[in-house]
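Asks: I have a structure here, written as C-alpha cells, and I will follow up with some questions on it.
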C-alpha cells in the first residue's frame, strides 16, 4: 500500500514537472530568451503566506544555517528540474522488488 502511495505521488509530481517544462519552453520561445519558472515562484503563486512564514520557522525550529545555503538555493532552481528529481526519487522508493530467480537467497 505504501509503495502505491509513493508511486502515485511520484507520477503526479513527474506530470507536474513535465507541464512546467512545456510551460517554460513555450514561454522561452515566445520571448526569444530562456525563461525558467523557479520553485519559489511556483510556491508564491500557490500560497505566498506559507512561503513568507517558512524562513522564520526554519531559523527558529531547525537551524539558522539551513535557510541561506540550502533552502534558498532550492527555491531559486528551475521548478521542472526540482519536481522531476523529486518525482523520480519517489518512483524509485515505491518501485516493486525484483523477483528472485533460482535459489532463494537470505
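Asks: What pairs can you find where one residue is in the stretch 27-56 and surrounded by 14 or more Cβ atoms within 10 Å (Cβ to Cβ), the other is not in a helix (DSSP H, G or I), and their Cβ atoms are less than 6 Å apart, with a gap of 6+ or different chains?
Replies: 27/35; 36/78; 38/76; 39/77
Asks: Oh, and also: Residue 13: under 28 Å from residue 93 (Cβ atoms), in a helix (DSSP H, G or I) and not assigned by TED's automatic domain parsing to the domain that holds residue 89, yes or no?
Replies: Values: under 28 Å from residue 93 (Cβ atoms): yes; in a helix (DSSP H, G or I): yes; not assigned by TED's automatic domain parsing to the domain that holds residue 89: no.
So residue 13 does not fit the description; no.
Condition check ((1) assigned by TED's automatic domain parsing to the domain that holds residue 24; (2) in contact with a helix residue (DSSP H, G or I) (Cβ under 8 Å, 6 or more places away or on another chain); (3) within 27 Å of residue 36 (Cβ to Cβ)) across all residues:
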{"residue": "50", "(1), (2), (3)": "no, yes, yes"}
{"residue": "61", "(1), (2), (3)": "no, no, no"}
{"residue": "69", "(1), (2), (3)": "no, no, yes"}
{"residue": "86", "(1), (2), (3)": "yes, yes, yes"}
{"residue": "90", "(1), (2), (3)": "yes, yes, yes"}
{"residue": "102", "(1), (2), (3)": "no, no, no"}
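Asks: Mind checking whether some residue in the stretch 53-72 is more than 13 Å from the chain's Cα centre (by Cα) and on the phi > 0 side of the Ramachandran plot? Don't jump to the end; show me each part of the working.
Replies: Within the stretch 53-72, the first condition is being more than 13 Å from the chain's Cα centre (by Cα), and the residues that meet it are 53-70, 72.
After this cut, where a residue has to be on the phi > 0 side of the Ramachandran plot as well, the list is none.
Checked the stretch 53-72: no residue is more than 13 Å from the chain's Cα centre (by Cα) and on the phi > 0 side of the Ramachandran plot.
Asks: To continue, here is another question. Condition first: under 30 Å from residue 28 (Cα atoms) and assigned to a loop (DSSP other than H, G, I, E, B). Now tell me which residues in the stretch 77-106 satisfy that. Before you say what the answer is, go through the steps one by one.
Replies: We begin by selecting, within the stretch 77-106, every residue under 30 Å from residue 28 (Cα atoms); these are 77-91.
Once the filter is applied, which keeps residues that are under 30 Å from residue 28 (Cα atoms) and assigned to a loop (DSSP other than H, G, I, E, B), the stretch 77-106 yields only 77.
Asks: Go through the stretch 4-28 and give me each residue that's more than 14 Å from residue 80 (Cβ to Cβ) and within 13 Å of the chain's Cα centre (by Cα). Can you show your working first?
Replies: The initial filter retains those residues of the stretch 4-28 that are more than 14 Å from residue 80 (Cβ to Cβ), namely 4-12.
Scanning the stretch 4-28 gives 9, 10, 11, 12.
Asks: What tally of residues in the stretch 57-76 results from selecting those that are part of a helix (DSSP H, G or I) and either surrounded by fewer than 11 Cβ atoms within 10 Å (Cβ to Cβ) or out of contact with any strand residue (DSSP E or B) (no Cβ under 8 Å at 6 or more places or on another chain) (or both)? Walk me through it before giving the result.
Replies: Restricting attention to the stretch 57-76, the residues satisfying the condition of being part of a helix (DSSP H, G or I) are 57-61, 67-75.
If we keep only those that are either surrounded by fewer than 11 Cβ atoms within 10 Å (Cβ to Cβ) or out of contact with any strand residue (DSSP E or B) (no Cβ under 8 Å at 6 or more places or on another chain) (or both) too, we end up with 57-61, 67-74.
Selection size over the stretch 57-76: 13.
Asks: Another question about this same structure. Could you please let me know if residue 43 is in contact with a helix residue (DSSP H, G or I) (Cβ under 9 Å, 6 or more places away or on another chain), outside the structural domain of residue 22 (by TED's automatic domain parsing) and more than 26 Å from residue 12 (Cβ to Cβ)?
Replies: No.
Asks: Would you check if residue 37 is at pLDDT below 90 and in contact with a strand residue (DSSP E or B) (Cβ under 9 Å, 6 or more places away or on another chain)? Reasoning before the result, please.
Replies: Values: at pLDDT below 90: yes; in contact with a strand residue (DSSP E or B) (Cβ under 9 Å, 6 or more places away or on another chain): yes.
Spelling it out, residue 37 is indeed at pLDDT below 90 and in contact with a strand residue (DSSP E or B) (Cβ under 9 Å, 6 or more places away or on another chain).
The values are calculated or read from the model by the stated rules, or taken from the named source; none is laboratory data. Predicted, not measured: the structure shown is a model, and the values here were computed from it. Positions of Cβ are backbone-derived with ideal geometry, glycine not excepted, and every protein chain shown enters the neighbour counts.
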